[in-house]
Amino acid sequence: MKAEEIIHGEATLIVPTYVRPPMVFARGEGCYLFDTDGKSYLDMAAGIAVMALGHSDPAWAAAVAAQAAELTHLSNLYHSRPHVELAARLVAHSFADRVFFCNSGTEANEAAIKFARKWARSEGEEGRTGILAFEGSFHGRTVGALSATAKERYREPFGPLMPGVVFAPYNDLAAAAEALTPEVCAVLVEPIQGEGGVRTAEVGFLQGLRRLCDERNALLIMDEVQCGLGRTGTLWAHEAYGVTPDMMSVAKPLAGGLPIGATLVTERVARVMEPGDHGSTFAAGPLVCRAALVVVERVDRPEFLAAVQAAGAHLRARLEGLRSERLVEVRGAGLLLGVEFREAVKPLIAAAAEEGVLLINAGENVLRLCPPLIVTQAQVDRAVDVIGECLERLGW
């Protein structure tokens with residue numbers, strides 16, 4: 001099929017939930033994507049912070065091919081070695097005692113909500129089912145996760161949603177304390193809000209939430225679907241805050257582009273769950289777990305994380321050096337950075353794509369940069385040079 005036929009087919013056959021730019025990608029290598037005409041694009045989006053090792057990583061591809069030739073799917077009715085090996089790796093390198101596997105970040109947050117409610121019931125508080133989330137949050141699009149997602153445009157067409165969710169302003173500890181009533185069993189928070197505009201939690205805010213949860217016997221859930229697994233320069237984003245959660249949701253980069261999610265939990269939470277309480281047909285199959293093992297093993301290396309920190313610092317410095325009267329702020333951590341403008345950034349994204357650099361937004365006015373974690377400083381320079389050129393061309 002030619003590119004025009006593919007684009008036409010998408011317009012006529014696919015449920016219209018996305019607006020896609022007018023190019024069709026055929027392959028990827030490292031930090032680059034190539035369209036059907038052979039044009040290369042420097043990928044500063046990484047499939048929305050998914051492709052931590054870049055595209056077509058040789059070790060990842062070899063592991064997937066080898067596992068596909070041996071065993072792909074079992075369902076959760078049977079044991080498999082990659083399933084346990086991945087769980088062991090995640091437990092050994094996190095606060096968690098156990099892991100529940102699923103297929104996406106949304107599902108990981110759904111599991112966390114269910115686990116929190118079952119935990120509260122086990123504490124003798126059957127009616128304590130509320131969830132405290134925050135303005136600007138994004139936790140997914142299924143009904144439970146959507147209920148804890150603040151953006152009204154995402155929520156309104158699908159109401160009524162799950163009751164019991166309350167929202168407080170992000171980074172406002174006093175408001176969170178007021179909202180954390182006896183009806184709330186868990187607090188769900190992103191250390192860095194991705195869709196919410198790449199907004200970073202203040203240290204005192206996350207530490208205060210931990211303290212409030214301890215004082216009021218509630219669970220603290222960290223959503224690290226986008227900001228976790230090396231993205232900020234530490235393995236987990238919450239490490240920089242000196243805060244330990246009771247649960248954590250992870251997903252996007254975990255299997256290098258294959259669908260996976262995981263809810264990491266302490267034994268305090270895990271002990272209340274029983275066979276049949278939750279499950280998933282496709283979760284933690286041998287293929288996806290083998291792929292995830294390659295990613296986790298690589299990202300967890302000190303030298304890898306040091307390189308992420310260096311590339312992130314260089315990217316931030318270059319972005320802060322941009323000259324534009326419409327640039328408001330550069331924020332974020334590591335290789336998850338947002339650049340807020342006084343204008344909608346859609347024209348800037350389109351102009352950069354014409355020059356072979358792929359960018360995405362995080363809200364109408366925020367440019368989000370979340371490249372593969374293997375991005376080089378030379379590639380960072382190329383991306384920011386193009387952004388600067390496009391700002392000048394747009395008259396910004």
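The values are calculated or read from the model by the stated rules, or taken from the named source; none is laboratory data. Remember, it's a predicted structure, so these values are computed and weren't measured experimentally. Virtual Cβ from ideal backbone geometry, glycine too; neighbours counted across all protein chains shown.
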**Message:** Where the second residue is β-branched (Val, Ile, Thr) and assigned to a loop (DSSP other than H, G, I, E, B) and the first is under 16 Å from residue 201 (Cβ atoms) and lies in the stretch 230-251, which pairs have Cβ atoms under 9 Å and are six or more apart or on separate chains?
**Reply:** 238/244; 239/232; 240/232; 240/234; 244/266; 245/266; 249/225
**Fill in**
Output for Cβ contacts, cut-off 8 Å, separation at least six or different chains, first residue over 13 Å from residue 367 (Cβ atoms) in the stretch 310-333, second of a type in the set (Ser, Thr, Tyr) and crowded, with 20+ Cβ neighbours inside 10 Å, reads 312/232; 333/200; 333/232
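Is it fair to say residue 115 is assigned to a loop (DSSP other than H, G, I, E, B), of a type in the set (A, V, I, L, M, F, W, C) and assigned by TED's automatic domain parsing to the domain that holds residue 221? Give the steps one after another, and end with the answer.
Numbers: assigned to a loop (DSSP other than H, G, I, E, B): no; of a type in the set (A, V, I, L, M, F, W, C): yes; assigned by TED's automatic domain parsing to the domain that holds residue 221: yes.
Here the answer is no, as residue 115 does not meet what is asked.
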**Message:** With aromatic (Phe, Trp, Tyr) and buried (at least 21 other Cβ atoms within 10 Å of the Cβ) as the only criterion, which of 158, 115, 95 stands out?
**Reply:** 115
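Go over the candidates 332, 363 one by one and state the one that is under 17 Å from the mean Cα position of the chain (by Cα) and at pLDDT below 95. Talk me through it step by step, then tell me what you get.
Details: 332 fails: at pLDDT below 95.
Within the list 332, 363, the selection yields 363.
Could you pull out the residue among 350, 307, 311 that is surrounded by fewer than 17 Cβ atoms within 10 Å (Cβ to Cβ), at pLDDT 95 or above, on the phi < 0 side of the Ramachandran plot and not in a strand (DSSP E or B)? I'd like the intermediate steps shown before the answer.
On the way: 307 fails: surrounded by fewer than 17 Cβ atoms within 10 Å (Cβ to Cβ); 311 fails: surrounded by fewer than 17 Cβ atoms within 10 Å (Cβ to Cβ).
Just one listed residue meets the conditions, 350.
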**Item:** Residues that are touching a residue at least 24 places away in the same chain (Cβ under 8 Å), in a helix (DSSP H, G or I) and farther than 19 Å from residue 239 by Cα, drawn from the stretch 155-206
**Value:** 173, 176, 177, 179
**Test: residue 218 is more than 19 Å from the chain's Cα centre (by Cα), crowded, with 16+ Cβ neighbours inside 10 Å and closer than 24 Å to residue 150 by Cβ** = yes
**Fill in**
Per the filter on the stretch 229-256, residues farther than 30 Å from residue 122 by Cα and surrounded by fewer than 24 Cβ atoms within 10 Å (Cβ to Cβ) are 233, 234, 235, 240
**Asked** Which of (1) assigned to a helix (DSSP H, G or I); (2) touching a residue at least 40 places away in the same chain (Cβ under 8 Å) does residue 136 not meet, given it meets every other one?
**Response** (1)
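Being out of contact with any strand residue (DSSP E or B) (no Cβ under 8 Å at 6 or more places or on another chain) and in a loop (DSSP other than H, G, I, E, B) is the filter; apply it to the stretch 139-154 and report the residue that is farthest from residue 204 (Cα to Cα). Can you show your working first?
Kept after step one, since they are out of contact with any strand residue (DSSP E or B) (no Cβ under 8 Å at 6 or more places or on another chain), are these residues of the stretch 139-154: 140-146, 151-154.
Checking which are in a loop (DSSP other than H, G, I, E, B) leaves us with 140-142, 151.
Values: 140: 26, 141: 29, 142: 31, 151: 25 Å.
Only one residue fits best here, namely 142.
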